[in-house]
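Quick one: structure below, then a few questions.
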Amino acid sequence: MQSVCVYCGSRPGADPRFLKAAQATGQEIARRDLTLVYGGGSLGLMNATADATLSAGGKVVGVITDLLMEREVGHQGLSELHVVQNMHQRKQGMADRADGFIALPGGVFKPYAGVSTAILLFTKVWGPKDKVTQPATEHVWFYEMAADGYSLDDKRSKQDGNGDLQDIVARYHARNPVTDTDRTAKYFMVPRTEIADEKNNYDLSLSRYKTDVFEEVHYDAPGVILDLLIQAEVGDVDEAEIAKVQSGIVRELLELKGMVG
């Protein structure tokens, strides 16, 4: 073995240990006199792995797309940096240059508001011996993940259990396109033909296919709510005494109650 391809993220990861693991991996690759092959980025775990290898005297080969180079995220200090046109060529370029592969942990997601993570698994079809006459995937499996075993604040403290991770693995292995059709559920399958049609145009967003269920909530009438607020302010006082109040929040609540009836 002369080279190792490392797959890792362009962010530091959900746990500080992931960054240390990336640095240790890079150092060990150099120590063993191997060449590091990776995605050519200068951010996150990718950058940490590459810099650690270079600092230890190792050789690093990056493969990156021209779009990412235009965004100035390519690592400029590598032994070699190959710029390709698309992600398929990038993955193939990395695979062609490597004798072995390592996938580093990075965490499933860091929960910013309104942002979700998609985990996509594809069937690789490369080379003259891998020709196919029909799509390799007939159904796409979706899972609405809510937790990864860490707290949802910036501290990302470890919680009991592993969130949805173990359930995801179990449900994925047990997936069934015949039974996993309830789109109000946490997980379901969608036919490839639906995803590829003109309406969806290969959109893989969960929200595109999931059916949201809205529970109707009934509230007290506005007058009842205002009475409760007034009572919270003055306590058990009869209405005649309350009516004498000339100012303050109670007077404003009384005026509002008169308006809503």
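The values are calculated or read from the model by the stated rules, or taken from the named source; none is laboratory data. Since the model is a prediction, treat every value here as computed from it, not as a measurement. Methodologically, a virtual Cβ is constructed for each residue, glycine included, from the backbone with ideal geometry; neighbour enumeration extends over all protein chains shown.
Among the residues of segment 40-51, is any more than 23 Å from the chain's Cα centre (by Cα) and under 23 Å from Gln92 (Cβ atoms)? Full working, then the answer.
We begin by selecting, within segment 40-51, every residue more than 23 Å from the chain's Cα centre (by Cα); these are 50-51.
Filter again for under 23 Å from Gln92 (Cβ atoms), leaving 50.
Yes, segment 40-51 contains at least one residue that is more than 23 Å from the chain's Cα centre (by Cα) and under 23 Å from Gln92 (Cβ atoms).
If I ask for residues that are farther than 20 Å from Gly57 by Cβ and at pLDDT 95 or above, which ones from segment 9-32 would you list?
None - no residue of segment 9-32 is farther than 20 Å from Gly57 by Cβ and at pLDDT 95 or above, so the list stays empty.
Moving to a separate point now. What residue, among those in segment 207-261 that are in contact (Cβ under 8 Å) with a residue 12 or more places away in the chain and part of a loop (DSSP other than H, G, I, E, B), is nearest to Tyr187 (Cα to Cα)?
Lys210
Those residues that are in a loop (DSSP other than H, G, I, E, B) and among the charged types (D, E, K, R), I need them from segment 86-103; list them, please.
Residues satisfying the conditions are Arg97, Asp99.
Continuing with this model, one more query. Of all helices (runs of 4 or more DSSP H) completely enclosed by segment 1-85, which ones contain at least 1 residues that are over 15 Å from Phe101 (Cα atoms) and touching a residue at least 60 places away in the same chain (Cβ under 8 Å)?
Of the helices (runs of 4 or more DSSP H) lying wholly inside segment 1-85, those with at least 1 residues that are over 15 Å from Phe101 (Cα atoms) and touching a residue at least 60 places away in the same chain (Cβ under 8 Å) span 16-31, 44-55.
Something else about it: Within 27 Å of Thr211 (Cβ to Cβ) and modelled with pLDDT under 90, is that true of Ile195?
no
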